1. Need the full-extension length gain, D347 to R439, defined as separation in residues times 0.36 nm minus the C-alpha distance. One decimal, nm.
2. Given the convex hull over the Cα atoms of the stretch 401-477, what projected area results after averaging over all orientations, in nm²?
3. Sort 414-420, 446-452, 367-373, 35-41 by the packing proxy (mean of other Cβ within 10 Å over each peptide's residues), most packed first.
4. Amide H of H61 versus every other amide H placed in the peptide plane: which residues, excluding those fewer than 5 positions away on the same chain, fall under 5 Å?
5. Tabulate in residue order the Karplus-calculated ³J(HN,Hα) for the stretch 260-272, using 6.51 cos²θ - 1.76 cosθ + 1.60 with θ = phi - 60°, rounded to whole Hz; enter x for Gly and Pro.
6. Once the dipole of the stretch 62-117 is set up with Lys and Arg at +1 and Asp and Glu at -1 on Cβ about the Cα centre, which of F87, L102, P77 lies farthest towards its positive end?
7. Please list S134, S216 from largest to smallest accessible area, probe radius 1.4 Å, with all protein chains kept in place.
8. What are the ³J(HN,Hα) couplings of the stretch 416-430, residue after residue, when phi is run through the Karplus curve with 6.51, -1.76, 1.60 and θ = phi - 60°? Round to Hz, x for glycine and proline.
Amino acid sequence: MLLGLLDRLLSALCDQWTWWWEASSTKDELPRALLTVSILILVVFWYRWTFMKSSKGIGSHPVPPGPRGLPIVRYLPFLDTNLHEQFTELAHQYGPIYKLWLGQKLCVVMNSPSLAKERTMRKVFVRDTMSNSSLEASYNLRKDEVLKTIREVHSKIGTPMDIAEITFLTQMNVIMNMVWGSTIDIHKAHGVRTEFRGVAREMERLRIWVDRILDSIIDAQTKMSMVERAEAFKIKGKEDFLQLLLALKEQEDTGISFTLEQIKALLIDIVVGGTDTSATMVEWAMAEIMHNPEIMKKVQEELSDVIGTNNIVEESHLPKLHYLDALIKETFRLHPALPLLVPKRTDRPCVVGGYTIPPKNTRVFLNVWAMHRDPEVWDSPLEFKPKRFLGEASKCDYNGNNFQYLPFGSGRRICAGLPLAEKMVMYFLASLLHSFNWRSPEGEELDLSETFGIVMKKKTPLVAIPTQRLSSLELYA
Ligand code: HEM
């Protein structure tokens, strides 16, 4: 197909430019031939110059190898929809670190855990909202949202439910409440994740979507009088993140200056980064659990032992749920939410794995999906085995210090919402599994295939039917 396209392109060019070589008089032939040769020489020099520039390494360290692709577009036309798999296959050909030219953009892909530690990445951290004390203070808010969802699921018992959709709404409300103090009405929000998913595909539409919500909220907050602010503070017990940013923006003497656009951009990162990732991870965990009845039995036994069947889950129970913790870690290993993390840009040349990463505008991809399935590191890497994270291995955490396991990234660019994500995924999963039994709709086969995207989702949404698990109706009120 590509060859056909080139063929057509060449013949179209030839048709347009026949006047060039069909010289009208022998007098024109020499200058035209000279001009043609000069242009060809220039093109060859330009191509060699850009190639040489990108091939210059530091000292004895060459730049990584990689496929050359076509002139100008380079490797762009060969990109596949399943980038994480294609990147893994290329690693078999060029080694654990290689380069790709996508048009004029140079990308470097790292596929091996041993390389990641050499280049830690930058991060932006939402310190105030994610600190231990702040998360402790906002526990009631999370509890309210989780209980609201449990009530909602209970009211629809026996009917099929989209697991990612209910998680998405709960997580969206938790984040919105923490960040700017408002929520979506769960009863009116049916289909919002699908809308958001669609919107998330196009960054411009997403910006408009969040801008619309934020504009009215920022407007209301900036118009609040001192008395109204003090009243709101008294009700909530603390300022939300947006109030904090707006207050900092107004205090010019602090040396910190934000524009409204910067505040909005940060809030968009938080909403996008926090909702779909958590929803997708809960969906993958539930899919693996429903696919393995033995595992479902073990998790629910642990929940009954630790929490008791006359009680609801509280965050204080979470540190005692060792099997559930191992199960979630295994889910993050096999289905990392961001299989290539967020591409990083280099600001100066550096050496990784014996190769020079050229400085300007190089995008670096870390293929975490491949690292988490590396047979040299993981025993039976394609099997879902929570028990690999029990015992000594339970100490493996999400902080990015273990370079074989990076579900939240590492270094300065590690996930800014990690402390909240860790709590919410576990708390929500524990609540769904403790309050309900789950089964697939009659005749439906559970599909575990994935589809590549910034967030790697299940190809088909997980739909499951809940039935009441706890005997007392009061536990659902
Ligand atoms: C299970 C849930 C989550 C997963 C698996 C996840 C994973 C990640 C990963 C892998 C990155 C990129 C790190 C890198 O490139 O090195 C990231 C970035 C980010 N995450 Fe999360 N995340 C989750 C939940 C959250 C939550 C709840 C929030 C906010 C409340 C959040 C906010 C962010 C932000 C703002 C960034 C960008 C950080 C930066 O560019 O410096 N995430 N996340």
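The values are calculated or read from the model by the stated rules, or taken from the named source; none is laboratory data. Owing to the predicted nature of the structure, the values given are computational and were not obtained by experimental measurement. For neighbour counting, all protein chains shown are included, and Cβ atoms are generated from backbone atoms with ideal geometry for every residue, glycine included. SASA here: full protein model, heavy atoms, side chains in, ligands and nucleic acids out. Shrake-Rupley method; radii C 1.70, N 1.55, O 1.52, S 1.80 Å.
1. The D347-R439 span can extend by a further 28.1 nm.
2. Average projection, Cα convex hull of the stretch 401-477: 7.9 nm².
3. My ranking of the peptides, most packed first, is 367-373, 414-420, 446-452, 35-41.
4. Answer set, sorted by chain and number: none.
5. Calculated HN-Hα couplings, in order: 4, 4, 5, 4, 4, 4, 5, 5, 4, 4, 5, 5, 5 Hz.
6. L102
7. Sorted descending by solvent-accessible area, the residues read S216, S134.
8. Per-residue couplings from phi come out as 6, x, 3, x, 6, 4, 4, 5, 5, 4, 6, 4, 5, 4, 4 Hz.
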